[in-house]
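The values are calculated or read from the model by the stated rules, or taken from the named source; none is laboratory data. What you see is a predicted model; the values in this text were computed from it and never measured. Every residue, glycine as well, gets a Cβ built from its backbone with ideal geometry; the counts of neighbours run over all protein chains shown.
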Amino acid sequence: MALEYADRVSATPVDVPDEFFARVRSVFSEREIVELTGHIAHENYNAKSNRPLRVEANNFCEIPLPGQRV
C-alpha cells in the first residue's frame, strides 16, 4: 500500500483518487499518512534537485540487478 501510494504521489500529475485514499486511510493513521507523504515529497525533491546538479548517489545500499556480479 505504501509503495503504491508513493508511486501515485510521485506521478506527474499526482494521481491519488478519493477511492484509493480511502484505502490508504484504512491502513494508516492520519499521522502516518502525513509522515509518509512528507518523506515521499522529500525524496522527490532530492531527485529533482540532485539529478540536474549531477549529485551522485552515495552507494549506501547497492542492490545488484539480476545477473549483475557484486
Checked against (1) part of a helix (DSSP H, G or I); (2) at pLDDT below 95, Gln68 satisfies every condition except (1)
Quick one: which helices (runs of 4 or more DSSP H) lie wholly within the stretch 1-59 and hold at least 1 residues that are within 10 Å of the chain's Cα centre (by Cα), in contact (Cβ under 8 Å) with a residue 24 or more places away in the chain and surrounded by 12 or more Cβ atoms within 10 Å (Cβ to Cβ)? 2-10, 30-50
Which members of the stretch 14-31 meet the condition of being under 27 Å from Ala57 (Cβ atoms) and not hydrophobic (A, V, I, L, M, F, W, C)? Asp15
